[in-house]
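Shown next, in C-alpha coordinates, is the structure this report addresses.
The values are calculated or read from the model by the stated rules, or taken from the named source; none is laboratory data. None of these values were measured; they are calculated from a predicted model. Because the Cβ atoms are built from the backbone with ideal geometry, glycine has one as well, and the counts that use them run over all protein chains shown.
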Amino acid sequence: MDKTQELFEGLPSVDEVLKSGYGIKWLGEHPRLYVLSGIREVIDLRRQEILAGTIADVSPENMARNIEATIERLAAFSLKPVINATGIVLHTNLGRSVLSEKALENIIRVAGGYSNLEYDLAAGKRGQRFSHITRLLREITGAEGGIAVNNNAAAVFLCLNALAKGKEVIVSRGELVEIGGSFRIPDVMVSSGAILREVGTTNKTHLYDYENAINENTALILKVHQSNYRMSGFTEDVSIDSLVSLGKKRDIPVMYDLGSGCLIDLKPYGLYSEPSVQEIVRSGADIVTFSGDKLLGGPQAGLIVGRQNFIERVKGNPVARAVRIDKLTLSALEATLFEYVDNEKAKDAIPVLRMLLEDIESIKTRTKKIAGLIKRHVKNASIEIMADSSQAGGGALPGKDFPTYTVSVRPEHISVNELEERLRKGDPPVIARVREGALLLDVRTISDKDAVIVADRVRTALS
Ligand SMILES: *Cc1c(COP(=O)(O)O)cnc(C)c1O
(Lines give C-alpha, C1' and ligand atoms only; values in the text may rest on other atoms or scores of the structure.)
Protein backbone atom coordinates (compact mmCIF):
# COMPACT_ATOMS: atom_id res chain seq x y z
CA MET A 1 0.00 0.00 0.00
CA ASP A 2 1.51 3.32 -0.96
CA LYS A 3 1.71 6.31 1.36
CA THR A 4 -1.26 8.11 -0.19
CA GLN A 5 -3.46 5.06 0.09
CA GLU A 6 -2.43 4.67 3.71
CA LEU A 7 -3.31 8.28 4.50
CA PHE A 8 -6.70 7.97 2.83
CA GLU A 9 -7.51 4.89 4.86
CA GLY A 10 -6.48 6.71 8.00
CA LEU A 11 -9.16 9.35 7.46
CA PRO A 12 -12.18 8.84 9.71
CA SER A 13 -15.73 8.82 8.38
CA VAL A 14 -18.12 11.64 9.28
CA ASP A 15 -20.03 9.20 11.45
CA GLU A 16 -16.92 8.13 13.36
CA VAL A 17 -16.06 11.72 14.18
CA LEU A 18 -19.65 12.44 15.25
CA LYS A 19 -19.61 9.50 17.68
CA SER A 20 -16.19 10.36 19.10
CA GLY A 21 -15.73 12.31 22.31
CA TYR A 22 -15.13 15.44 20.27
CA GLY A 23 -18.27 14.91 18.23
CA ILE A 24 -20.41 14.48 21.31
CA LYS A 25 -18.94 17.63 22.85
CA TRP A 26 -19.53 19.70 19.70
CA LEU A 27 -23.11 18.47 19.37
CA GLY A 28 -23.75 19.65 22.90
CA GLU A 29 -22.53 23.13 22.09
CA HIS A 30 -23.49 23.85 18.48
CA PRO A 31 -26.31 23.18 16.01
CA ARG A 32 -26.00 19.74 14.38
CA LEU A 33 -26.03 21.33 10.92
CA TYR A 34 -22.82 23.24 11.62
CA VAL A 35 -21.12 20.28 13.33
CA LEU A 36 -21.80 18.12 10.26
CA SER A 37 -20.66 20.85 7.85
CA GLY A 38 -17.51 21.44 9.88
CA ILE A 39 -16.57 17.75 9.89
CA ARG A 40 -17.31 17.33 6.17
CA GLU A 41 -15.38 20.44 5.24
CA VAL A 42 -12.24 19.38 7.07
CA ILE A 43 -12.35 15.76 5.85
CA ASP A 44 -12.71 17.04 2.27
CA LEU A 45 -9.83 19.42 2.79
CA ARG A 46 -7.67 16.56 4.12
CA ARG A 47 -8.46 14.47 1.00
CA GLN A 48 -7.35 17.31 -1.23
CA GLU A 49 -4.18 17.84 0.81
CA ILE A 50 -3.36 14.11 0.61
CA LEU A 51 -3.81 14.16 -3.18
CA ALA A 52 -1.69 17.27 -3.50
CA GLY A 53 0.89 15.84 -1.15
CA THR A 54 0.83 18.91 1.07
CA ILE A 55 -0.40 17.37 4.31
CA ALA A 56 1.92 17.71 7.27
CA ASP A 57 0.12 16.89 10.49
CA VAL A 58 -2.19 13.84 10.25
CA SER A 59 -2.89 13.47 13.96
CA PRO A 60 -6.53 13.21 15.14
CA GLU A 61 -5.86 16.10 17.52
CA ASN A 62 -4.88 18.38 14.68
CA MET A 63 -7.95 17.35 12.73
CA ALA A 64 -10.18 18.01 15.75
CA ARG A 65 -8.65 21.45 16.18
CA ASN A 66 -9.38 22.29 12.56
CA ILE A 67 -12.93 20.97 12.75
CA GLU A 68 -13.58 22.90 15.93
CA ALA A 69 -12.32 26.14 14.39
CA THR A 70 -14.54 25.52 11.33
CA ILE A 71 -17.62 24.83 13.47
CA GLU A 72 -16.96 27.94 15.55
CA ARG A 73 -16.67 30.03 12.42
CA LEU A 74 -19.96 28.62 11.05
CA ALA A 75 -21.77 29.02 14.38
CA ALA A 76 -20.54 32.55 15.12
CA PHE A 77 -23.04 35.38 15.02
CA SER A 78 -22.67 37.70 12.08
CA LEU A 79 -23.41 40.89 14.02
CA LYS A 80 -20.74 41.29 16.66
CA PRO A 81 -18.92 43.91 18.72
CA VAL A 82 -15.88 45.59 17.20
CA ILE A 83 -13.36 48.01 18.65
CA ASN A 84 -13.59 51.41 17.00
CA ALA A 85 -10.09 52.81 16.75
CA THR A 86 -11.01 55.40 14.11
CA GLY A 87 -11.78 58.15 16.60
CA ILE A 88 -15.06 58.83 14.76
CA VAL A 89 -17.53 58.86 17.63
CA LEU A 90 -20.72 58.58 15.55
CA HIS A 91 -19.52 56.04 12.99
CA THR A 92 -22.65 54.97 11.10
CA ASN A 93 -20.98 51.83 9.70
CA LEU A 94 -19.92 50.82 13.22
CA GLY A 95 -23.38 51.25 14.72
CA ARG A 96 -23.35 54.97 15.53
CA SER A 97 -23.96 55.67 19.18
CA VAL A 98 -22.84 53.56 22.11
CA LEU A 99 -25.63 53.20 24.66
CA SER A 100 -25.43 54.31 28.28
CA GLU A 101 -25.38 51.85 31.17
CA LYS A 102 -28.93 52.80 32.13
CA ALA A 103 -30.18 52.24 28.59
CA LEU A 104 -28.61 48.78 28.45
CA GLU A 105 -30.00 47.82 31.84
CA ASN A 106 -33.44 49.00 30.83
CA ILE A 107 -33.50 46.93 27.64
CA ILE A 108 -32.81 43.83 29.68
CA ARG A 109 -35.32 44.82 32.38
CA VAL A 110 -38.14 45.45 29.91
CA ALA A 111 -37.54 43.01 27.07
CA GLY A 112 -37.02 39.82 29.06
CA GLY A 113 -40.70 39.64 29.94
CA TYR A 114 -44.01 41.39 29.42
CA SER A 115 -44.38 45.12 29.88
CA ASN A 116 -46.97 47.89 29.91
CA LEU A 117 -45.89 48.91 26.40
CA GLU A 118 -49.42 49.73 25.28
CA TYR A 119 -51.31 49.15 28.48
CA ASP A 120 -52.51 51.88 30.80
CA LEU A 121 -51.98 50.37 34.26
CA ALA A 122 -54.01 53.05 36.05
CA ALA A 123 -57.05 52.65 33.82
CA GLY A 124 -56.69 48.92 33.19
CA LYS A 125 -57.12 49.30 29.45
CA ARG A 126 -55.25 49.87 26.24
CA GLY A 127 -52.65 52.65 26.47
CA GLN A 128 -50.27 54.42 24.13
CA ARG A 129 -46.70 53.35 23.45
CA PHE A 130 -45.60 56.99 23.10
CA SER A 131 -46.82 57.80 26.58
CA HIS A 132 -43.56 56.46 28.04
CA ILE A 133 -41.46 59.23 26.53
CA THR A 134 -43.85 62.13 25.98
CA ARG A 135 -43.42 63.63 29.43
CA LEU A 136 -39.61 63.41 29.21
CA LEU A 137 -39.59 64.99 25.76
CA ARG A 138 -41.76 67.83 27.05
CA GLU A 139 -39.62 68.41 30.13
CA ILE A 140 -36.31 68.27 28.29
CA THR A 141 -37.11 70.12 25.06
CA GLY A 142 -39.86 72.45 26.24
CA ALA A 143 -42.13 71.34 23.39
CA GLU A 144 -45.87 70.77 23.84
CA GLY A 145 -45.67 67.18 22.69
CA GLY A 146 -43.42 64.55 21.21
CA ILE A 147 -43.29 61.04 19.77
CA ALA A 148 -40.64 58.68 18.45
CA VAL A 149 -40.45 56.49 15.36
CA ASN A 150 -37.93 54.14 13.74
CA ASN A 151 -35.32 56.67 12.68
CA ASN A 152 -35.11 60.29 11.62
CA ALA A 153 -35.55 59.49 7.94
CA ALA A 154 -38.89 57.93 8.88
CA ALA A 155 -39.72 60.92 11.08
CA VAL A 156 -39.20 63.34 8.18
CA PHE A 157 -41.15 61.13 5.78
CA LEU A 158 -44.02 60.73 8.24
CA CYS A 159 -44.29 64.44 9.03
CA LEU A 160 -44.29 65.40 5.35
CA ASN A 161 -46.88 62.76 4.54
CA ALA A 162 -49.10 63.76 7.46
CA LEU A 163 -48.82 67.52 7.04
CA ALA A 164 -48.20 68.13 3.35
CA LYS A 165 -49.31 65.23 1.14
CA GLY A 166 -50.43 66.60 -2.22
CA LYS A 167 -49.41 70.09 -1.17
CA GLU A 168 -46.34 72.27 -1.52
CA VAL A 169 -43.41 72.34 0.87
CA ILE A 170 -41.03 75.27 0.53
CA VAL A 171 -37.38 74.45 1.02
CA SER A 172 -34.14 76.27 0.22
CA ARG A 173 -31.96 74.86 -2.60
CA GLY A 174 -29.02 75.18 -0.23
CA GLU A 175 -30.66 72.65 2.09
CA LEU A 176 -31.53 69.90 -0.41
CA VAL A 177 -28.83 67.72 1.09
CA GLU A 178 -27.89 64.07 0.84
CA ILE A 179 -27.21 62.43 4.15
CA GLY A 180 -25.39 59.12 3.83
CA GLY A 181 -25.86 56.90 0.76
CA SER A 182 -29.58 56.74 0.26
CA PHE A 183 -31.20 59.60 2.15
CA ARG A 184 -31.71 62.64 -0.02
CA ILE A 185 -34.08 65.31 1.19
CA PRO A 186 -35.65 65.90 -2.26
CA ASP A 187 -36.23 62.15 -2.79
CA VAL A 188 -37.80 61.70 0.63
CA MET A 189 -40.07 64.67 -0.04
CA VAL A 190 -41.22 63.30 -3.37
CA SER A 191 -41.88 59.81 -2.00
CA SER A 192 -43.85 61.25 0.93
CA GLY A 193 -46.32 62.72 -1.55
CA ALA A 194 -45.37 66.32 -0.78
CA ILE A 195 -44.65 68.67 -3.67
CA LEU A 196 -41.18 70.13 -3.45
CA ARG A 197 -41.06 73.87 -3.96
CA GLU A 198 -37.38 74.82 -4.17
CA VAL A 199 -36.44 78.42 -3.52
CA GLY A 200 -33.22 80.45 -3.61
CA THR A 201 -29.90 79.26 -4.99
CA THR A 202 -27.28 76.83 -3.78
CA ASN A 203 -25.34 79.46 -1.89
CA LYS A 204 -27.96 82.10 -1.08
CA THR A 205 -31.58 82.05 -0.06
CA HIS A 206 -33.40 85.13 1.23
CA LEU A 207 -36.56 85.53 3.24
CA TYR A 208 -38.30 87.06 0.21
CA ASP A 209 -37.63 83.82 -1.71
CA TYR A 210 -39.80 81.98 0.79
CA GLU A 211 -42.31 84.82 0.90
CA ASN A 212 -42.75 84.90 -2.86
CA ALA A 213 -43.22 81.13 -3.05
CA ILE A 214 -46.17 81.01 -0.65
CA ASN A 215 -49.52 80.35 -2.34
CA GLU A 216 -52.88 78.75 -1.46
CA ASN A 217 -51.37 75.29 -1.97
CA THR A 218 -48.48 75.78 0.49
CA ALA A 219 -48.67 73.37 3.44
CA LEU A 220 -45.31 73.76 5.10
CA ILE A 221 -42.04 75.67 5.25
CA LEU A 222 -39.18 73.24 5.80
CA LYS A 223 -35.72 74.03 7.09
CA VAL A 224 -33.07 71.29 6.96
CA HIS A 225 -29.85 71.24 8.92
CA GLN A 226 -27.05 70.82 6.41
CA SER A 227 -25.49 68.21 8.67
CA ASN A 228 -22.57 66.66 6.84
CA TYR A 229 -21.31 69.66 4.92
CA ARG A 230 -20.57 73.32 5.45
CA MET A 231 -20.69 76.17 3.02
CA SER A 232 -18.36 79.08 3.34
CA GLY A 233 -17.75 82.28 1.44
CA PHE A 234 -20.58 84.12 -0.29
CA THR A 235 -23.49 82.38 1.41
CA GLU A 236 -26.69 83.24 3.20
CA ASP A 237 -29.55 81.30 4.62
CA VAL A 238 -32.66 82.35 6.49
CA SER A 239 -32.70 81.85 10.25
CA ILE A 240 -35.34 79.73 11.90
CA ASP A 241 -36.56 82.82 13.76
CA SER A 242 -37.28 84.66 10.52
CA LEU A 243 -39.01 81.61 9.06
CA VAL A 244 -41.14 81.28 12.18
CA SER A 245 -42.20 84.96 11.93
CA LEU A 246 -43.07 84.49 8.28
CA GLY A 247 -45.00 81.30 9.06
CA LYS A 248 -46.98 83.08 11.77
CA LYS A 249 -47.79 86.01 9.49
CA ARG A 250 -48.99 83.77 6.65
CA ASP A 251 -50.41 81.00 8.82
CA ILE A 252 -48.08 78.29 7.49
CA PRO A 253 -46.46 75.79 9.86
CA VAL A 254 -42.67 75.64 9.99
CA MET A 255 -40.76 72.38 10.32
CA TYR A 256 -37.06 72.02 11.10
CA ASP A 257 -35.24 68.75 10.35
CA LEU A 258 -32.35 69.11 12.74
CA GLY A 259 -30.62 65.82 11.96
CA SER A 260 -28.35 65.39 14.93
CA GLY A 261 -30.57 66.89 17.54
CA CYS A 262 -28.28 67.74 20.38
CA LEU A 263 -29.96 68.06 23.78
CA ILE A 264 -27.17 69.94 25.51
CA ASP A 265 -25.70 73.32 24.68
CA LEU A 266 -22.37 72.70 22.97
CA LYS A 267 -21.37 76.35 22.69
CA PRO A 268 -19.42 76.38 25.98
CA TYR A 269 -17.22 73.74 24.29
CA GLY A 270 -16.59 75.93 21.29
CA LEU A 271 -18.98 73.93 19.12
CA TYR A 272 -21.30 76.31 17.31
CA SER A 273 -22.65 74.40 14.32
CA GLU A 274 -25.23 72.29 16.19
CA PRO A 275 -28.11 74.28 17.62
CA SER A 276 -29.74 72.48 20.55
CA VAL A 277 -33.24 71.11 20.19
CA GLN A 278 -34.33 73.37 23.07
CA GLU A 279 -33.15 76.45 21.16
CA ILE A 280 -35.13 75.49 18.08
CA VAL A 281 -38.26 74.71 20.09
CA ARG A 282 -37.93 78.10 21.81
CA SER A 283 -37.67 79.79 18.41
CA GLY A 284 -41.27 78.70 17.84
CA ALA A 285 -40.79 76.04 15.15
CA ASP A 286 -43.98 73.98 14.92
CA ILE A 287 -42.35 70.61 14.26
CA VAL A 288 -38.76 69.56 14.94
CA THR A 289 -37.29 66.21 13.90
CA PHE A 290 -33.99 64.65 14.97
CA SER A 291 -32.15 61.34 15.34
CA GLY A 292 -32.00 59.23 18.47
CA ASP A 293 -28.56 57.85 17.73
CA LYS A 294 -26.51 60.85 16.68
CA LEU A 295 -25.50 63.48 19.25
CA LEU A 296 -28.37 62.43 21.49
CA GLY A 297 -26.45 59.21 22.11
CA GLY A 298 -29.39 56.83 22.31
CA PRO A 299 -30.77 53.99 20.17
CA GLN A 300 -31.68 54.34 16.49
CA ALA A 301 -34.87 56.38 16.51
CA GLY A 302 -36.46 59.45 15.02
CA LEU A 303 -37.88 62.01 17.40
CA ILE A 304 -40.65 64.40 16.53
CA VAL A 305 -41.43 67.24 18.93
CA GLY A 306 -43.56 70.33 18.53
CA ARG A 307 -47.03 71.76 18.84
CA GLN A 308 -49.62 69.33 20.09
CA ASN A 309 -52.08 69.79 17.21
CA PHE A 310 -49.40 68.83 14.67
CA ILE A 311 -48.14 65.96 16.81
CA GLU A 312 -51.71 64.62 16.90
CA ARG A 313 -51.99 64.77 13.12
CA VAL A 314 -48.66 62.99 12.74
CA LYS A 315 -49.62 60.33 15.31
CA GLY A 316 -52.91 59.60 13.57
CA ASN A 317 -51.33 59.15 10.14
CA PRO A 318 -51.28 55.54 8.81
CA VAL A 319 -47.54 55.82 8.07
CA ALA A 320 -46.97 56.19 11.84
CA ARG A 321 -47.98 52.54 12.23
CA ALA A 322 -45.53 51.47 9.52
CA VAL A 323 -42.59 53.20 11.15
CA ARG A 324 -43.45 52.61 14.78
CA ILE A 325 -40.78 52.19 17.37
CA ASP A 326 -40.35 48.82 19.11
CA LYS A 327 -40.10 48.12 22.81
CA LEU A 328 -36.34 47.47 22.85
CA THR A 329 -35.70 50.87 21.34
CA LEU A 330 -38.30 52.54 23.48
CA SER A 331 -36.81 51.15 26.68
CA ALA A 332 -33.34 52.34 25.68
CA LEU A 333 -34.69 55.69 24.57
CA GLU A 334 -36.61 56.36 27.77
CA ALA A 335 -33.51 55.58 29.85
CA THR A 336 -31.31 57.76 27.60
CA LEU A 337 -33.71 60.70 27.76
CA PHE A 338 -33.88 60.29 31.51
CA GLU A 339 -30.17 61.16 31.71
CA TYR A 340 -30.95 64.58 30.24
CA VAL A 341 -33.31 65.55 33.02
CA ASP A 342 -30.09 66.42 34.82
CA ASN A 343 -28.34 68.16 31.97
CA GLU A 344 -24.91 68.28 33.62
CA LYS A 345 -24.92 64.58 34.42
CA ALA A 346 -25.76 63.67 30.82
CA LYS A 347 -22.25 64.64 29.73
CA ASP A 348 -20.79 61.84 31.83
CA ALA A 349 -23.56 59.28 31.54
CA ILE A 350 -23.98 59.38 27.76
CA PRO A 351 -20.95 57.71 26.13
CA VAL A 352 -21.25 59.74 22.90
CA LEU A 353 -21.01 63.04 24.80
CA ARG A 354 -18.31 61.68 27.09
CA MET A 355 -16.15 60.67 24.10
CA LEU A 356 -16.73 63.91 22.19
CA LEU A 357 -16.08 66.20 25.15
CA GLU A 358 -13.29 64.19 26.78
CA ASP A 359 -10.43 66.28 28.03
CA ILE A 360 -7.32 66.03 25.84
CA GLU A 361 -5.09 65.24 28.85
CA SER A 362 -7.28 62.30 29.73
CA ILE A 363 -7.04 60.99 26.15
CA LYS A 364 -3.27 61.40 26.35
CA THR A 365 -3.08 59.37 29.55
CA ARG A 366 -4.99 56.49 27.95
CA THR A 367 -2.86 56.74 24.80
CA LYS A 368 0.30 56.37 26.89
CA LYS A 369 -1.19 53.37 28.63
CA ILE A 370 -2.07 51.61 25.36
CA ALA A 371 1.27 52.50 23.75
CA GLY A 372 3.05 51.18 26.85
CA LEU A 373 1.14 47.90 26.77
CA ILE A 374 1.97 47.41 23.10
CA LYS A 375 5.63 48.34 23.49
CA ARG A 376 6.12 45.89 26.31
CA HIS A 377 5.49 42.90 24.03
CA VAL A 378 6.14 44.13 20.51
CA LYS A 379 9.70 44.34 19.23
CA ASN A 380 9.08 44.24 15.48
CA ALA A 381 7.35 47.59 15.03
CA SER A 382 7.96 51.17 15.98
CA ILE A 383 5.34 52.52 18.34
CA GLU A 384 4.79 56.24 18.78
CA ILE A 385 2.29 58.61 20.32
CA MET A 386 1.04 61.25 17.88
CA ALA A 387 -1.14 64.31 18.26
CA ASP A 388 -3.95 64.20 15.70
CA SER A 389 -7.61 65.13 15.31
CA SER A 390 -10.87 63.18 15.25
CA GLN A 391 -14.27 63.82 13.67
CA ALA A 392 -17.69 63.61 15.26
CA GLY A 393 -19.19 61.64 12.34
CA GLY A 394 -22.87 60.89 11.74
CA GLY A 395 -23.32 64.16 9.89
CA ALA A 396 -22.81 66.06 13.15
CA LEU A 397 -20.42 68.96 13.61
CA PRO A 398 -18.95 68.74 10.09
CA GLY A 399 -15.50 70.17 9.51
CA LYS A 400 -14.92 70.38 13.24
CA ASP A 401 -11.63 68.84 14.32
CA PHE A 402 -11.40 67.43 17.82
CA PRO A 403 -7.81 67.31 19.09
CA THR A 404 -6.88 63.74 19.97
CA TYR A 405 -3.94 61.37 20.40
CA THR A 406 -3.20 58.24 18.44
CA VAL A 407 -0.87 55.30 18.87
CA SER A 408 1.01 55.00 15.60
CA VAL A 409 2.27 51.52 14.69
CA ARG A 410 4.83 51.00 11.91
CA PRO A 411 5.46 47.29 11.42
CA GLU A 412 8.95 46.22 10.29
CA HIS A 413 8.25 42.77 8.83
CA ILE A 414 4.80 43.12 7.26
CA SER A 415 3.09 45.93 5.37
CA VAL A 416 0.90 48.36 7.24
CA ASN A 417 -2.04 47.25 5.08
CA GLU A 418 -1.43 43.66 6.10
CA LEU A 419 -1.51 44.76 9.75
CA GLU A 420 -4.75 46.69 9.19
CA GLU A 421 -6.32 43.61 7.60
CA ARG A 422 -5.22 41.28 10.39
CA LEU A 423 -6.66 43.62 13.01
CA ARG A 424 -9.92 43.95 11.08
CA LYS A 425 -10.31 40.20 10.59
CA GLY A 426 -9.39 39.19 14.14
CA ASP A 427 -11.50 38.62 17.20
CA PRO A 428 -12.63 41.12 18.31
CA PRO A 429 -12.09 43.09 15.09
CA VAL A 430 -10.17 46.34 15.57
CA ILE A 431 -10.99 49.02 12.98
CA ALA A 432 -8.14 51.49 12.53
CA ARG A 433 -6.91 54.10 10.04
CA VAL A 434 -3.87 53.82 7.81
CA ARG A 435 -1.94 56.95 6.94
CA GLU A 436 1.46 57.44 5.37
CA GLY A 437 2.80 54.01 6.19
CA ALA A 438 1.51 53.93 9.74
CA LEU A 439 -1.47 52.31 11.38
CA LEU A 440 -3.17 54.82 13.64
CA LEU A 441 -5.21 53.85 16.68
CA ASP A 442 -7.24 56.91 17.67
CA VAL A 443 -7.71 56.58 21.40
CA ARG A 444 -10.76 58.87 21.65
CA THR A 445 -13.07 55.97 20.82
CA ILE A 446 -11.11 53.24 22.65
CA SER A 447 -12.52 52.79 26.13
CA ASP A 448 -10.37 52.14 29.15
CA LYS A 449 -11.72 48.63 29.41
CA ASP A 450 -10.73 47.89 25.80
CA ALA A 451 -7.17 49.19 26.19
CA VAL A 452 -5.73 45.79 27.16
CA ILE A 453 -7.67 44.00 24.40
CA VAL A 454 -6.42 46.42 21.73
CA ALA A 455 -2.82 46.03 22.87
CA ASP A 456 -3.19 42.26 22.83
CA ARG A 457 -4.73 42.26 19.36
CA VAL A 458 -1.88 44.38 17.99
CA ARG A 459 0.66 42.05 19.55
CA THR A 460 -1.03 38.96 18.01
CA ALA A 461 -1.45 40.65 14.65
CA LEU A 462 2.27 41.45 14.54
CA SER A 463 3.42 37.96 15.54
C1 LIG B 1 -28.95 62.07 9.79
C2 LIG B 1 -30.00 62.91 9.25
C3 LIG B 1 -31.22 62.37 8.84
C4 LIG B 1 -31.48 60.89 8.89
O5 LIG B 1 -31.54 60.45 10.21
P6 LIG B 1 -31.47 58.88 10.52
O7 LIG B 1 -31.69 58.81 12.00
O8 LIG B 1 -30.13 58.40 10.08
O9 LIG B 1 -32.56 58.22 9.78
C10 LIG B 1 -32.19 63.22 8.36
N11 LIG B 1 -31.98 64.54 8.28
C12 LIG B 1 -30.81 65.11 8.67
C13 LIG B 1 -30.65 66.58 8.54
C14 LIG B 1 -29.79 64.32 9.16
O15 LIG B 1 -28.63 64.86 9.54
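List of remarks:
- Residue tally, condition modelled with pLDDT of 95 or more, part of a loop (DSSP other than H, G, I, E, B) and more than 10 Å from the ligand (Cβ to nearest atom), over the range 269-294: 3
Let's see how each residue does on (1) surrounded by fewer than 17 Cβ atoms within 10 Å (Cβ to Cβ); (2) under 26 Å from GLN226 (Cβ atoms); (3) of a type in the set (S, T, N, Q):
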site	(1), (2), (3)
GLY284	yes, yes, no
LYS294	no, yes, no
GLN308	yes, no, yes
LEU328	yes, no, no
TYR340	no, yes, no
VAL352	no, yes, no
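- Residues that are part of a helix (DSSP H, G or I) and out of contact with any strand residue (DSSP E or B) (no Cβ under 7 Å at 6 or more places or on another chain) within the range 93-125 comprise ASN93, GLU101, LYS102, ALA103, LEU104, GLU105, ASN106, ILE107, ILE108, ARG109, VAL110, ALA111, listed in sequence order.
- Of all residues assigned to the range 111-118, none qualifies as being of a type outside the set (Lys, Arg), touching a residue at least 60 places away in the same chain (Cβ under 8 Å) and in contact with a Phe, Trp or Tyr (Cβ under 9 Å, 6 or more places away or on another chain).
- If you go through the range 211-238 and keep only what is more than 15 Å from the ligand (Cβ to nearest atom), touching a residue at least 24 places away in the same chain (Cβ under 8 Å) and over 25 Å from PHE157 (Cβ atoms), you end up with GLU211, GLY233, PHE234, THR235, GLU236.
- Selection status of THR235, more than 30 Å from ARG354 (Cα to Cα) and modelled with pLDDT under 95: yes
- Restricting attention to the range 367-402, the residues being more than 16 Å from the ligand (Cβ to nearest atom) and either more than 25 Å from GLY298 (Cα to Cα) or in contact with a His (Cβ under 6 Å, 6 or more places away or on another chain) (or both) number 22.
- Index of the failed condition, SER390 passing every other in (1) at pLDDT below 95; (2) out of contact with any Pro (no Cβ under 9 Å at 6 or more places or on another chain): (2)
- Filter pass, LYS347 being of a type in the set (Lys, Arg), in contact (Cβ under 8 Å) with a residue 60 or more places away in the chain, outside any helix (DSSP H, G or I) and out of contact with any Phe, Trp or Tyr (no Cβ under 8 Å at 6 or more places or on another chain): no
- Conditions (1) surrounded by fewer than 18 Cβ atoms within 10 Å (Cβ to Cβ); (2) in a helix (DSSP H, G or I); number of the one not met by ASP265: (2)
- Within the range 295-310, the only residue that satisfies the criterion of being away from the ligand (no atom under 16 Å from the Cβ) and within 16 Å of PHE157 (Cβ to Cβ) is PHE310.
- Residue identified as within 16 Å of the ligand (Cβ to nearest atom) and closer than 18 Å to GLU312 by Cα among GLY146, GLY142: GLY146
- Scanning the range 251-268 for residues that are within 16 Å of the ligand (Cβ to nearest atom) and among the acidic types (Asp, Glu) yields a single hit, ASP257.
- Of residues in the range 181-224 being hydrophobic (A, V, I, L, M, F, W, C) and assigned to a loop (DSSP other than H, G, I, E, B), the one surrounded by the most Cβ atoms within 10 Å (Cβ to Cβ): ALA194
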